[in-house]
Amino acid sequence: MSPEMQANRPVVYPESDGEPMADNTLQAEWMMTLQGNLDACLPHFVGMNNFWYPREGHPEIRLAPDVYVACGRPKGHRSSYKQWQENDTPLTVVFEILSPGNTSNEMAGKFLFYEEHGVEEYYIYDPHVNRLEVWLLRGSVLRRVLEVDDFVSPHLGIRFDLHSDPSRLSVWRPDGQRFLTMVELDAERQNAREAQRLAEAKARSADADRLIAEAERDMARQQLARLRYLSKQARQGAATPEELAELDRLSENGS
């Protein structure tokens with residue numbers, strides 16, 4: 001094909017490389033937990049495992065971070081993140097969740113890509129050994145943060161806690177709520193529904209008790225009025241034998 005024909009062809013930016021999103025369920029769980037919770041608590045665009053194209057006209061320059069945040073970019077669905085269509089805003093924060101299949105060469109390549117293209121916060125988490133690495137952009141270089149326990153993300157405000165559960169990283173939202181997995185979220189919803197059901201049942205029981213008490217008060221007032229009438233009839237000698245018997249019965253019940 002001639003150079004002229006090639007120049008007129010539109011540039012194709014693939015949406016998938018055919019690789020699986022995750023190598024195992026633990027990695028997938030962490031990706032979904034981070035993406036879902038970040039999307040819920042942040043006003044920015046949060047993506048997961050889709051291509052980032054930092055340079056227009058160069059579809060070969062791309063990488064698909066596990067989870068990322070583009071601060072200042074609006075929420076919405078995207079097939080890929082084309083930086084020139086996003087006010088030339090690079091990804092601000094990137095998370096990579098390690099699996100046993102990740103090689104040191106692969107991770108070194110990702111590191112250089114993120115550093116070159118301006119990622120400001122880079123997190124690498126290995127859920128199999130509960131190890132977290134934090135890298136922050138200083139000038140044009142990503143520098144490692146040595147103290148990561150209770151580290152707070154400068155851009156996101158979330159806190160990383162490695163000591164509460166030695167086997168698992170805990171991530172806390174700016175409002176103090178912990179990031180929950182889908183299973184934990186479902187359990188929380190079930191507990192909330194059960195608590196609501198119990199509260200509604202308690203309220204209905206209280207209403208029933210109130211109605212019973214009101215009925216008893218009405219009945220007592222009626223009986224008292226009847227007792228007063230029968231007593232008056234008896235004092236005046238105007239009570240019938242039936243009324244006298246009723247008066248004795250009511251008096252015995254009230255005693």
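Show the residues, 5+ positions off or on another chain, whose built amide H is closer than 5 Å to the amide H of R178.
Counting only residues 5 or more places away or on other chains, the set is R173.
Please list, in order along the range 159-164, the HN-Hα scalar couplings obtained from phi with the Karplus expression 6.51 cos²θ - 1.76 cosθ + 1.60 (θ = phi - 60°), rounded to whole Hz, x for Gly and Pro.
Result, ordered by residue: 10, 10, 10, 9, 9, 4 Hz.
Keeping every protein chain in place, order S167, S79 by accessible area at 1.4 Å, biggest value first, i.e. largest first.
The residues order as S167, S79, largest area first.
Y81's amide H: which non-local residues (gap 5+, or another chain) put their own amide H closer than 5 Å, with H modeled 1.01 Å from N in plane and none for Pro or chain starts?
Result for Y81 returns F51, W52, Y53.
In whole angstrom, how far apart do the alpha carbon centroids of the range 144-162 and the range 227-255 sit?
Distance between centres, Cα-based: 84 Å.
Using a basic spin-label model with each label point 7 Å from the Cα along Cα→Cβ, how many nm lie between R78 and E116?
My value for the distance between the label points is 2.0 nm.
GNM on the chain, C-alpha springs below 10 Å: top fluctuator among I124, I212, I97?
Maximum fluctuation in the GNM of the chain, among the listed residues, is at I212.
Give the separation of the Cα centroids, the range 64-119 to the range 120-140, in Å.
13 Å
Tell me, what ³J(HN,Hα) does each residue in the range 227-240 have, in order and in whole Hz, if you take phi through Karplus 6.51 cos²θ - 1.76 cosθ + 1.60 with θ = phi - 60° and put x for Gly and Pro?
The phi angles translate into 4, 5, 5, 5, 5, 5, 4, 5, 4, 7, x, 9, 7, 6 Hz.
Roughly how many Å² is the accessible area per residue of the chain, as a whole number, for a 1.4 Å probe?
61 Å²
Which one is right for this structure if mean projected area of the Cα convex hull in nm² is calculated from it: (1) 13.0; (2) 15.5; (3) 27.3?
Among (1) 13.0; (2) 15.5; (3) 27.3, the one derived from this structure is (3).
Using θ = phi - 60° and the Karplus relation 6.51 cos²θ - 1.76 cosθ + 1.60, list the HN-Hα couplings for the range 84-93 in order, rounded to whole Hz, with x at every Gly or Pro.
Those phi angles translate into 5, 8, 10, 6, 6, 8, x, 5, 8, 10 Hz.
Which loop trypsin sites (Lys or Arg not before Pro) in the range 96-145, with loop taken from DSSP, have no more than 13 other Cβ atoms within 10 angstrom of their Cβ?
In loop regions of the range 96-145 (DSSP not H, G, I, E or B), there are no sparsely surrounded trypsin sites (Lys or Arg not before Pro).
Note down the nm distance, to one decimal, between modelled labels 7 Å out along Cα→Cβ at Q177 and at E19.
Label at Q177, label at E19, 3.3 nm between them.
Just read off the accessible area of D248 with the full protein assembly in place, 1.4 Å probe, to the nearest 10 Å².
90 Å²
Using Cα springs under 10 Å in a Gaussian network model of the chain, which residue among R73, R210, R197 shows the largest mean-square fluctuation?
R210
The values are calculated or read from the model by the stated rules, or taken from the named source; none is laboratory data. These figures come from a predicted structure and were not determined experimentally. All Cβ positions, glycine included, derive from the backbone under ideal geometry; neighbour counts span all protein chains shown. What goes into the accessible areas is simple: the full protein's heavy atoms, side chains included, and nothing from ligands, DNA or RNA. Shrake-Rupley method; radii C 1.70, N 1.55, O 1.52, S 1.80 Å.
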